[in-house]
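The values are calculated or read from the model by the stated rules, or taken from the named source; none is laboratory data. Source: prediction; values computed, not measured. Here Cβ is always computed from backbone atoms with ideal geometry, including for glycine, and neighbour counts include all displayed protein chains. Just so you know, the surface numbers come from the protein's heavy atoms only, side chains and all, with ligands and any DNA or RNA stripped out. Shrake-Rupley method; radii C 1.70, N 1.55, O 1.52, S 1.80 Å.
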Amino acid sequence: MTDTVPAWPDDEPAYRLRPPAADEGAGLDALAAVLDATPRGPSTAVVRLAVGRRTDVVGPRRRALETLSGVSAVTVHDDRTTGIAPLTGECFEAIATLFTDVDRLLVRDDEDVAIAEWRDETLRFALPDAAVEALQSDLDGALVDRIEPLE
(Lines give C-alpha, C1' and ligand atoms only; values in the text may rest on other atoms or scores of the structure.)
Protein backbone atom coordinates (compact mmCIF):
# COMPACT_ATOMS: atom_id res chain seq x y z
CA MET A 1 0.00 0.00 0.00
CA THR A 2 2.70 2.50 0.86
CA ASP A 3 4.30 1.87 -2.54
CA THR A 4 1.14 2.79 -4.45
CA VAL A 5 2.01 5.77 -6.64
CA PRO A 6 -1.06 7.72 -7.71
CA ALA A 7 -1.77 8.02 -11.41
CA TRP A 8 -3.08 11.58 -11.72
CA PRO A 9 -5.18 12.72 -14.69
CA ASP A 10 -3.33 14.55 -17.46
CA ASP A 11 -6.23 16.86 -18.28
CA GLU A 12 -7.06 18.20 -14.80
CA PRO A 13 -5.03 20.65 -12.73
CA ALA A 14 -3.72 19.40 -9.38
CA TYR A 15 -4.00 21.19 -6.06
CA ARG A 16 -2.83 20.87 -2.49
CA LEU A 17 -4.67 21.83 0.69
CA ARG A 18 -3.16 21.80 4.17
CA PRO A 19 -5.99 22.21 6.67
CA PRO A 20 -5.24 23.98 9.94
CA ALA A 21 -3.93 21.53 12.54
CA ALA A 22 -6.27 22.96 15.17
CA ASP A 23 -9.34 21.93 13.16
CA GLU A 24 -9.46 18.10 13.25
CA GLY A 25 -12.50 17.88 11.00
CA ALA A 26 -11.21 20.22 8.28
CA GLY A 27 -9.31 17.50 6.40
CA LEU A 28 -12.34 15.24 6.23
CA ASP A 29 -14.58 18.16 5.26
CA ALA A 30 -12.20 19.08 2.43
CA LEU A 31 -11.98 15.47 1.22
CA ALA A 32 -15.76 15.11 1.20
CA ALA A 33 -16.12 18.39 -0.69
CA VAL A 34 -13.58 17.26 -3.32
CA LEU A 35 -15.43 13.97 -3.78
CA ASP A 36 -18.71 15.85 -4.16
CA ALA A 37 -17.18 18.27 -6.69
CA THR A 38 -15.42 15.78 -8.96
CA PRO A 39 -17.19 14.84 -12.18
CA ARG A 40 -15.41 11.47 -12.02
CA GLY A 41 -17.03 8.83 -9.86
CA PRO A 42 -15.00 7.90 -6.79
CA SER A 43 -14.73 4.13 -6.97
CA THR A 44 -12.07 2.78 -4.62
CA ALA A 45 -10.14 3.89 -1.56
CA VAL A 46 -6.64 2.60 -0.96
CA VAL A 47 -6.21 2.88 2.80
CA ARG A 48 -3.51 2.66 5.42
CA LEU A 49 -4.80 3.21 8.95
CA ALA A 50 -2.84 3.36 12.18
CA VAL A 51 -5.31 1.04 13.91
CA GLY A 52 -5.53 -2.73 13.87
CA ARG A 53 -7.07 -5.63 15.69
CA ARG A 54 -4.86 -5.14 18.76
CA THR A 55 -5.61 -1.42 18.95
CA ASP A 56 -7.95 -0.49 21.77
CA VAL A 57 -10.90 1.01 19.88
CA VAL A 58 -14.50 0.82 21.02
CA GLY A 59 -17.94 1.99 19.98
CA PRO A 60 -18.29 3.59 16.54
CA ARG A 61 -14.57 3.33 15.81
CA ARG A 62 -14.63 -0.44 16.50
CA ARG A 63 -17.69 -0.86 14.25
CA ALA A 64 -15.95 1.17 11.52
CA LEU A 65 -12.88 -1.06 11.74
CA GLU A 66 -15.11 -4.13 11.54
CA THR A 67 -16.81 -2.70 8.44
CA LEU A 68 -13.46 -2.30 6.70
CA SER A 69 -12.28 -5.72 7.85
CA GLY A 70 -15.30 -7.21 6.08
CA VAL A 71 -13.86 -6.13 2.72
CA SER A 72 -11.87 -8.98 1.21
CA ALA A 73 -9.12 -6.69 -0.13
CA VAL A 74 -8.55 -5.05 3.27
CA THR A 75 -6.29 -6.67 5.85
CA VAL A 76 -6.46 -5.79 9.53
CA HIS A 77 -3.04 -6.41 11.04
CA ASP A 78 -2.23 -6.19 14.75
CA ASP A 79 -1.36 -2.49 14.62
CA ARG A 80 -2.57 -1.23 11.22
CA THR A 81 -5.17 -1.76 8.53
CA THR A 82 -4.30 -1.72 4.82
CA GLY A 83 -5.95 -2.49 1.53
CA ILE A 84 -8.39 -1.37 -1.11
CA ALA A 85 -12.04 -0.82 -0.30
CA PRO A 86 -14.89 0.02 -2.65
CA LEU A 87 -15.97 3.58 -1.94
CA THR A 88 -19.52 2.73 -0.97
CA GLY A 89 -21.44 4.85 1.49
CA GLU A 90 -20.75 2.31 4.22
CA CYS A 91 -16.99 2.21 3.58
CA PHE A 92 -16.76 5.99 3.30
CA GLU A 93 -18.57 6.32 6.62
CA ALA A 94 -16.11 3.85 8.18
CA ILE A 95 -13.13 5.78 6.81
CA ALA A 96 -14.67 9.05 8.01
CA THR A 97 -15.13 7.61 11.50
CA LEU A 98 -11.47 6.54 11.54
CA PHE A 99 -10.15 9.61 9.71
CA THR A 100 -7.89 10.70 12.58
CA ASP A 101 -6.16 7.31 12.23
CA VAL A 102 -5.57 7.61 8.47
CA ASP A 103 -1.88 7.46 7.57
CA ARG A 104 -2.70 7.50 3.87
CA LEU A 105 -5.84 7.45 1.77
CA LEU A 106 -5.95 7.41 -2.02
CA VAL A 107 -9.33 7.76 -3.71
CA ARG A 108 -9.46 6.61 -7.33
CA ASP A 109 -12.06 6.50 -10.08
CA ASP A 110 -13.17 3.45 -12.11
CA GLU A 111 -10.02 3.72 -14.26
CA ASP A 112 -7.76 3.73 -11.14
CA VAL A 113 -6.90 7.39 -11.77
CA ALA A 114 -6.40 9.42 -8.60
CA ILE A 115 -9.02 11.92 -7.50
CA ALA A 116 -7.66 12.73 -4.04
CA GLU A 117 -4.89 11.65 -1.70
CA TRP A 118 -4.61 12.33 2.04
CA ARG A 119 -1.08 11.95 3.36
CA ASP A 120 1.00 13.79 5.97
CA GLU A 121 -1.96 15.99 6.98
CA THR A 122 -2.20 17.25 3.39
CA LEU A 123 -4.94 16.72 0.81
CA ARG A 124 -3.80 16.56 -2.79
CA PHE A 125 -6.48 16.45 -5.48
CA ALA A 126 -7.17 16.95 -9.18
CA LEU A 127 -10.28 18.67 -10.49
CA PRO A 128 -11.33 20.50 -13.64
CA ASP A 129 -11.53 24.29 -13.27
CA ALA A 130 -15.33 24.37 -13.06
CA ALA A 131 -15.29 21.76 -10.29
CA VAL A 132 -12.71 23.78 -8.34
CA GLU A 133 -15.10 26.74 -8.43
CA ALA A 134 -17.86 24.51 -7.03
CA LEU A 135 -15.45 23.19 -4.38
CA GLN A 136 -14.54 26.70 -3.31
CA SER A 137 -18.19 27.61 -2.84
CA ASP A 138 -18.69 24.52 -0.63
CA LEU A 139 -15.67 25.03 1.64
CA ASP A 140 -15.17 27.38 4.55
CA GLY A 141 -13.28 30.53 3.51
CA ALA A 142 -10.30 29.62 5.70
CA LEU A 143 -9.89 26.36 3.79
CA VAL A 144 -10.36 28.02 0.39
CA ASP A 145 -7.45 30.33 1.20
CA ARG A 146 -5.25 27.27 1.76
CA ILE A 147 -5.80 25.72 -1.69
CA GLU A 148 -2.55 25.86 -3.66
CA PRO A 149 -2.13 24.86 -7.32
CA LEU A 150 0.57 22.26 -7.99
CA GLU A 151 2.79 22.44 -10.99
Kindly write out, for region 137-144 in residue order, the coupling ³J(HN,Hα) from the Karplus curve 6.51 cos²θ - 1.76 cosθ + 1.60 (θ = phi - 60°), rounded to whole Hz, with x marking Gly and Pro. 6, 8, 8, 4, x, 5, 6, 4
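Taking the Cα centre as origin and putting +1 on Lys and Arg beta-carbons and -1 on Asp and Glu beta-carbons, what dipole magnitude results for region 1-121, to the nearest 20 debye?
Working: 13 positive and 23 negative charges, 96 e Å.
The calculation lands at about 460 debye.
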The answer for the net charge of residues other than Glu111 whose Cβ lies under 14 angstrom from its Cβ, with Lys and Arg +1 and Asp and Glu -1, is -4
For Asp103, which sequence-distant residues (separation of 5 or more, or a different chain) have an amide H within less than 5 Å of its own amide H, given hydrogens modelled in the peptide plane? Arg48, Leu49, Ala50
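Please report the carbon-and-sulfur percent of the accessible area for the chain; probe 1.4 Å, protein heavy atoms only, DNA, RNA and ligands left out. Each step should come with its number before you reach the end.
Values: 3440 of 7790 Å².
Ligands and nucleic acids excluded, carbon and sulfur give 44 percent.
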For the charge dipole of the chain, defined by +1 on Lys and Arg C-beta atoms and -1 on Asp and Glu C-beta atoms about the Cα centroid, which residue among Ala32, Ser137, Thr100 has the Cα displaced farthest towards the positive pole? Thr100
Amide H proximity to Val74 below 5 Å, modelled H, separation 5+ or other chain, gives Ile84
Percent of C-alpha pairs per 10 Å bin, region 10-54, short to long: 18, 44, 31, 7, 1
Of the listed values [x] 41, 26, 14; [y] 24, 17, 14; [z] 26, 17, 13, identify the label whose number matches semi-axes √(5λ) of the Cα gyration tensor in Å calculated from this model. [z]
With a Förster distance of 25 angstrom and the Cβ-Cβ distance between Asp23 and Ser69, calculated FRET efficiency to the nearest 0.05 equals 0.30
What is the distance in Å between the Cα centres of region 103-121 and region 1-41? 7 Å
Taking a crude spin-label model, label points 7 Å out from Cα along the C-beta direction, the Trp8 to Asp78 distance in nm is 3.8 nm
Note, ³J(HN,Hα) from phi for region 109-115, Karplus 6.51, -1.76, 1.60, rounded to Hz, x at Gly and Pro: 8, 4, 8, 6, 8, 5, 10
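Contact order normalised by length for the chain, with contacts defined as Cα pairs under 8 Å and 6 or more residues apart; what percent is it?
On the way: 273 pairs, mean separation 58.6, N = 151.
With pairs under 8 Å counted, the relative contact order is 39 percent.
What whole-number value in Å² describes the accessible area per residue of region 75-148 for a 1.4 Å probe?
On the way: 3480 Å² over 74 residues.
With all protein chains present, region 75-148 gives 47 Å² per residue.
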